[in-house]
1. Of all residues in the range 293-305, which are open to solvent by 40 Å² or more (accessible area, probe 1.4 Å) and under 24 Å from A169 (Cα atoms)?
2. For the range 252-288, give me each residue that is part of a loop (DSSP other than H, G, I, E, B) and over 20 Å from A164 (Cβ atoms).
3. Could you please find all residues in the range 218-251 being aromatic (F, W, Y) and part of a strand (DSSP E or B)?
4. Examine the range 189-210 for a residue that is modelled with pLDDT under 95, more than 22 Å from F326 (Cα to Cα), open to solvent by less than 30 Å² (accessible area, probe 1.4 Å) and in contact with an Asp or Glu (Cβ under 9 Å, 6 or more places away or on another chain), and state whether such a residue exists.
5. With respect to E224, determine if the residue is under 24 Å from A256 (Cα atoms) and surrounded by fewer than 19 Cβ atoms within 10 Å (Cβ to Cβ).
6. Can you pull out every residue in the range 234-250 that is without any contact (Cβ under 8 Å) to a residue 24 or more places away in the chain and more than 34 Å from the chain's Cα centre (by Cα)?
7. Quick check on L276: is it in contact (Cβ under 8 Å) with a residue 24 or more places away in the chain, open to solvent by less than 10 Å² (accessible area, probe 1.4 Å) and in contact with a Leu (Cβ under 9 Å, 6 or more places away or on another chain)?
8. Being hydrophobic (A, V, I, L, M, F, W, C) and either buried (at least 20 other Cβ atoms within 10 Å of the Cβ) or out of contact with any Gly (no Cβ under 8 Å at 6 or more places or on another chain) (or both) is the filter here; which residues of the range 150-166 pass it?
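The values are calculated or read from the model by the stated rules, or taken from the named source; none is laboratory data. On a predicted model such as this, the values are computed, not experimentally measured, just so you know. Reconstructed Cβ throughout: ideal geometry from the backbone, glycine too, with neighbour counts over all protein chains shown. Just the protein is used for accessible areas: all its heavy atoms, side chains included, with ligands, DNA and RNA removed. Shrake-Rupley method; radii C 1.70, N 1.55, O 1.52, S 1.80 Å.
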Amino acid sequence: MAKVTLKDVAAAAGVGAATVERALNGRGNVLPETAEKIFIAAKRLGYRTPPAGIRHGLVRIEVVLLRPETYFYSRLNRAFERIAALLDKNIQIQRTFAREDDPADFSRHIANPQARRSALIVVAPDHPDVVGSIRKAASGGIPVVQIMTRPALELPYVGIDNEAAGRTAAFYMARMQSNISGIFVALCHSSAYENHKARIRGFSNYLLDHANPSHRFVEVMFDEDDEMKTIELLTNAFARYPDIIGLYSAGGDNAAIATVLRRYRQRSVFWVGHELSDATRGYLKEGLMTIVLDQAPEVQARRAIDLTLKRLGLIDADVDLEPVRFLTVTPESL
């Protein structure tokens, strides 16, 4: 192969050779947007590694996450942090935590970032303003990748098949209790996230497709992952339905659910929930929880970054576009 020259990089970036020389040698007087195009062109063509004089974080990938105090998002955040430490110094992963309870503020941040971004990875609530803002960002020419939930169906998505997760929960719950009569109930954060809606939809559809006259799915309760609300909703459900035999928690407030189930130990409740953690390991061992479906956030983070780098032209390797495989964990597999 012919050796890649500075002129080749200039042609690929659509700028002059002098501009490329200034950018790659850190001589200044190059707009950040232009320097980014030059860097990407040089990497794509296999041009020599830019010297240390070039600015750090030239390509800035913003990752917008939620609720850092929760187990899942802290785990996802740590995964992005580890990946960032291994990337080229010119590629920066900026992790931002947005407020899910303020869609207007969330959408404003997507539309008007505090710093220039080269690409966006986002956990987006299914709200018209938020979805509109990420579509606008994508139409502006930057790669946008949705992670964990997919409110904009036309944009790239990295995450599990949430409907399949709900169907899996129903499959185990119904098949392993096929000779027991009783009621199934479900808990969900809210209708704000497409992934939660898909899980409940899959759970319900499986039970409809494989109807068992001895089982009835009677209610979905929205707890917004609020501990006191979860306890109140579930306690009231046990009062209304003394024959509950199955509980699917599509959200993440497992600690509150465990508190209630300990009060009703005399009942045998088949509980399927999400995310393997120290807490859910304990519930499995204790016999409170029957099955945990873990959505492998570390795999989601790695694949989201790889897909973004691919769309930026910084890597050539193919990226798996199939849903991330979720893990089914039981007390016997710990």
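1. Within the range 293-305, E298, V299 qualify.
2. Residues satisfying the conditions are D253, Y264, R265, Q266, R267, S268, V269, S277, G287, L288.
3. Across the range 218-251, the qualifying residues are F222, Y248.
4. no
5. In short, yes.
6. Correct list: A239, R240, P242.
7. When the stated conditions are applied, L276 does not pass them.
8. Within the range 150-166, A152, L153, L155, V158, I160, A165 qualify.
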